[in-house]
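Inspection log for the structure reproduced underneath, given as structure tokens.
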Amino acid sequence: MTKPVPTVTVAQPIRKEVVEWDSYTGRLEPIEFVEIRSRVSGYLQSIHFDEGQMVNAGDLLFVIDTRPFVAELNGAKAALNQAKSQLSQANAQMDESEAQQQQADARLKLAVSRVERARKLRTSAAISQDELDGHEAEIEQAQADVAAAEAGIGLAAAGVATAQAAIESAQAGVETAELNLRYTQIHAPVAGRISREYVTEGNLVSGGTATSTLLTTITSIQPIYCTFDINEQQALKYIRLAQAGKRVSSRVAKNPVYLGLADEERFPHEGHMDFVDNRFDNDTACIRVRCIFRNEKEDLVPGMFARVRLPGSAAEERVLIPDSAIGTDQSTQFAYIVVDGKIERRDLKLGAIVDGLRVVHDGLNGDEALVIEGLLMSRPGIEVNVQAETIQVADDGLPDTYQPLPPERWISAGLTSLPETEATAVLPDMDETANAARQKREQVQ
């Protein structure tokens, strides 16, 4: 009895220009993430933000009890005034010592003149030897007075130097006290979404060290990073494509990247490559890369996983077939085609999925009658009946060609941090600022 001839469904492969978009799973990361800690220790007096809301750089967040720091500043100013008084006293002593030196110099000059006259008179026996000896003793006394005056000037100069050093030390103490007083008001250093209150009002917080009390955190939202890892095989592929001039390296160009979230069928978020690390990780043999997205709708949340598509080839004409037409044995992937009513096998070299179809690098040229249904009934050399169908293309939302983004389309991380000049500006009255912020918060609540 003759076996019935099986019927298989055949279709002509799709042939068109496509880009092979490599698939990765990335994690969204904020551009800026700040842990808010106090620089000074003290009791938490008030909190001035709503948990989970957006804050701007410079917004008041916390106020530490200012009274100890006001007292410290007043003490430092008093020490500065005292040091200035000591300098004035040392300068007065210097003036007095200089006046004493002038008097001693005058007495020495007078004593020398007297001795010279006495010596002339002694030669004519007009005065006695005792009188001459008395005038010479006056010279020695005057010289001793000059030496004492010079020592007094040196001592006064040391007093002036000591007073000046005390002023500098006291001035440093005032600056430190002013800084500590400013630090009692904690402002947002960056713009972003703030977390919850980790410490409530009235608690003692420590500050100024690496283990200071964590008060809250701020995460930037726009734009946002997505990081993922590339293994050595993929990295070498990109290097060879760049060397062949088929694909510009992401180290030197902003290659486009597309991203989709877990509930998104396509890839509606467009960004570009932003960073490629300088080495492979010794443990994972992967290299870390990063792309950036605008996140205007703020639906990309730090910490989320995302599906990422990165261009893995140049735009080239390729053969596309459905995965249902691909068979696999121990080491080879293959497809069946019908030639003159008989099944023939073609070993395949496959690539990525584009528009729901598999890219064929080698094994098919696109004009074959490809078996898309009935693979289990097909064997090389058997006769079959065929019925023709058309392969359906499912648009995945990814373009069939691409170019590196021009500079006007680059996404900048931007500056959301508080400028240094604003961060160190002299703050207004602490109590008034704290009360105004507290009233505003109560109105919002």
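The values are calculated or read from the model by the stated rules, or taken from the named source; none is laboratory data. Keep in mind that this is a model prediction, so the values were computed, not measured. Note: ideal-geometry Cβ built from the backbone for every residue, glycine included; neighbour counts use all protein chains shown. The area values use the complete protein model at the heavy-atom level, side chains included, leaving out ligands, DNA and RNA. Shrake-Rupley method; radii C 1.70, N 1.55, O 1.52, S 1.80 Å.
Report the extension gain between residue 249 and residue 383 in nm, rounded to one decimal, defined as 0.36 nm multiplied by the number of residues separating them, less their alpha carbon distance. Walk me through the numbers before you get to the answer.
Values: separation 134, 0.36 × 134 = 48.24 nm, distance 4.95 nm.
Full extension from residue 249 to residue 383 adds 43.3 nm.
Under the rule a/c < 1.5 gives rounded, and otherwise a/b versus b/c splits prolate from oblate, where does the stretch 239-339 land using the Cα gyration tensor?
Cα axes put the stretch 239-339 in the prolate bin.
With a cut-off of at most 12 other beta carbons within 10 Å, and DSSP calling the residue loop, which GluC sites (Glu not before Pro) in the stretch 333-419 qualify? Please list them. Don't jump to the answer; show the numbers that get you there.
On the way: sites: 344, 368, 373, 383, 389, 408; in loops: 368, 389.
Sparse-neighbourhood loop GluC sites (Glu not before Pro): 389.
How much accessible area per residue does the chain have, in Å², with a 1.4 Å probe?
Working: 25080 Å² over 445 residues.
Each residue of the chain exposes 56 Å² on average to a 1.4 Å probe.
As a check on your grasp of the helix formula, calculate [θ] at 222 nm for the chain: sum -39500 (n - 2.57) over DSSP H runs of n ≥ 4, divide by the residue count, round to the nearest 500.
Mean residue ellipticity, 222 nm, calculated: -11500 deg cm²/dmol.
Which sequence of 168, 265 reflects their accessible areas, 1.4 Å probe, from the largest down?
Most to least solvent-accessible, the answer reads 265, 168.
On a 0 to 90 degree scale, rounded to 10, what angle separates helix 430-444 from the longest Cα axis of the chain?
30 degrees
At what distance in nm do the modelled label points of residue 317 and residue 78 sit from each other, each positioned 7 Å from its Cα along Cα→Cβ?
Simple spin-label model gives 9.2 nm for this pair.
As a test question: what accessible area, to the nearest 10 Å², does residue 7 have when a 1.4 Å probe is rolled over all protein chains in place?
70 Å²
Quick one: Cα centre-to-centre distance for the stretch 167-215 and the stretch 326-400, in angstrom?
Taking the Cα centre of the stretch 326-400 as reference, the centre of the stretch 167-215 is 68 Å away.
For the chain, what is the Kirkwood estimate of the hydrodynamic radius, computed as the reciprocal of the mean inverse distance between distinct Cα atoms, to one decimal in Å? Numbers along the way, then the final one.
Values: mean 1/r = 0.0323 Å⁻¹.
Taking the inverse mean of 1/r over all distinct Cα pairs, the chain comes out at 31.0 Å.
Ignoring ligands, DNA and RNA, what percent of the accessible area of the stretch 333-422 is carbon or sulfur (1.4 Å)? Can you show the working numbers first?
Working: 2620 of 5290 Å².
Accessible surface attributable to carbon and sulfur in the stretch 333-422 totals 49 percent.
Based on the Kirkwood radius over alpha-carbon pairs, what is the Stokes-Einstein translational diffusion coefficient of the stretch 252-399 at 25 °C with 0.890 mPa s viscosity, in µm²/s? Before the final figure, lay out the partial values.
Working: Rh = 18.5 Å.
Stokes-Einstein gives a translational diffusion coefficient of 132 µm²/s.
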